[in-house]
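Heads up: the structure comes next, in structure tokens.
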Amino acid sequence: MPFSSPLPPCLGEPSERWPLPLALPATALVSIDFDPARLHAADFEACGIAPIRGVAKRQAEYLAGRFCARAALLRLTGAPGIPAVGEDRAPQWPAGVVGSITHGAGLAAALVGHAGNWRGLGLDTETLLPAERALRLAEQILTPAERRHLPGRTPEAQAWLTSLTFSLKESLFKALYPLVRLRFYFEHAELLDWSPAGQARLRLLADLGPEWPAGSLLEGQFACEGERLLTLVAIPAEKPGR
């Protein structure tokens with residue numbers, strides 16, 4: 001992708017590489033590395049993005065995420081745009097487009113798709129949890145059924161599975177919330193199964209409206225590169241049956 005403007009030092013080189021196992025049609029993904037320590041106040045103006053208040057980390061995350069969103073929208077629609085922040089803090093995408101922004105551990109990414117093909121897209125990146133922290137967080141993140149998958153695994157494998165479950169549920173929320181406009185939490189969904197190839201299935205454990213009753217199944221996918229995990233939940237325009 002040609003980016004005509006010089007990028008500020010806090011941003012790396014943008015990429016359109018698709019790291020997940022299953023590519024989605026009618027979508028565009030852009031990612032970029034960023035470094036909060038190299039952020040300067042003038043970087044927002046240089047990128048044509050309105051500044052926000054906050055510590056350097058928060059500002060750099062926002063700048064990198066919106067930069068990716070604009071680039072992805074340009075790739076998908078031919079028209080650049082920067083999604084505003086809604087009252088619920090969710091990105092406000094142009095008509096006819098759905099999307100998701102994620103950032104963490106020096107990586108930001110945005111995925112956008114045509115609304116005629118996709119009802120919801122949820123993208124999340126996480127750094128794998130250390131084993132001790134994963135053990136402490138397991139009861140908050142995992143349902144009783146999910147915790148039954150942990151015994152017999154090494155502490156590192158337990159931490160990996162806890163991290164995966166956490167990230168997939170974050171992606172699930174990002175994909176579903178714009179459709180249901182209801183807050184739901186870790187205990188309201190469960191990871192049913194996953195494969196070494198990077199595919200996963202989730203099930204709702206709570207009713208989220210007539211279209212999304214408890215028991216609804218959703219497909220996810222994931223990729224892990226080093227300590228960095230990326231997950232995606234994509235809801236097709238034609239919702240699969242339960």
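The values are calculated or read from the model by the stated rules, or taken from the named source; none is laboratory data. As the structure is a computational prediction, the values presented were derived from the model and not from experiment. Glycine also receives a Cβ, built like all others from the backbone with ideal geometry; neighbour counts cover every protein chain displayed.
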*Mind checking whether some residue in the stretch 31-52 is outside any helix (DSSP H, G or I) and touching a His at 6+ places or on another chain (Cβ under 9 Å)?*
yes
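Report whether or not residue 99 is surrounded by 20 or more Cβ atoms within 10 Å (Cβ to Cβ), under 30 Å from residue 161 (Cα atoms) and either touching a Lys or Arg at 6+ places or on another chain (Cβ under 8 Å) or not assigned by TED's automatic domain parsing to the domain that holds residue 39 (or both).
Values: surrounded by 20 or more Cβ atoms within 10 Å (Cβ to Cβ): yes; under 30 Å from residue 161 (Cα atoms): yes; either touching a Lys or Arg at 6+ places or on another chain (Cβ under 8 Å) or not assigned by TED's automatic domain parsing to the domain that holds residue 39 (or both): no.
Judged against the criteria, residue 99 is not a match.
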*asked:* Looking only at strands (runs of 3 or more DSSP E) that lie completely in the stretch 187-242, which have at least 1 residues being out of contact with any helix residue (DSSP H, G or I) (no Cβ under 8 Å at 6 or more places or on another chain), of a type in the set (S, T, N, Q) and under 22 Å from residue 112 (Cα atoms)?
replied: 199-204, 217-225
_Quick check on the stretch 91-122: of everything there that is in contact with an Asp or Glu (Cβ under 9 Å, 6 or more places away or on another chain) and not in a loop (DSSP other than H, G, I, E, B), which residue is modelled with the lowest pLDDT?_
104
*Just wondering, is there one or more residues in the stretch 161-178 that are exposed (fewer than 13 other Cβ atoms within 10 Å of the Cβ) and either within 13 Å of residue 231 (Cα to Cα) or not assigned by TED's automatic domain parsing to the domain that holds residue 36 (or both)?*
no
*Which pairs do you get when a residue that is free of Cβ contacts under 8 Å to residues at least 24 places away in the same chain and more than 14 Å from residue 68 (Cα to Cα), found in the stretch 88-102, comes within reach of a residue that is exposed (fewer than 13 other Cβ atoms within 10 Å of the Cβ) and of a type in the set (Gly, Ala, Ser), reach meaning Cβ atoms under 8 angstrom, with the pair 6+ apart or on two chains?*
92/84; 92/86; 94/79; 96/116
*Would you please list the contacts, defined by Cβ atoms under 6 Å and residues six or more apart or on different chains, that run from a residue in the stretch 172-192 that is of a type in the set (Lys, Arg) to a residue that is outside any helix (DSSP H, G or I)?*
174/100; 174/122
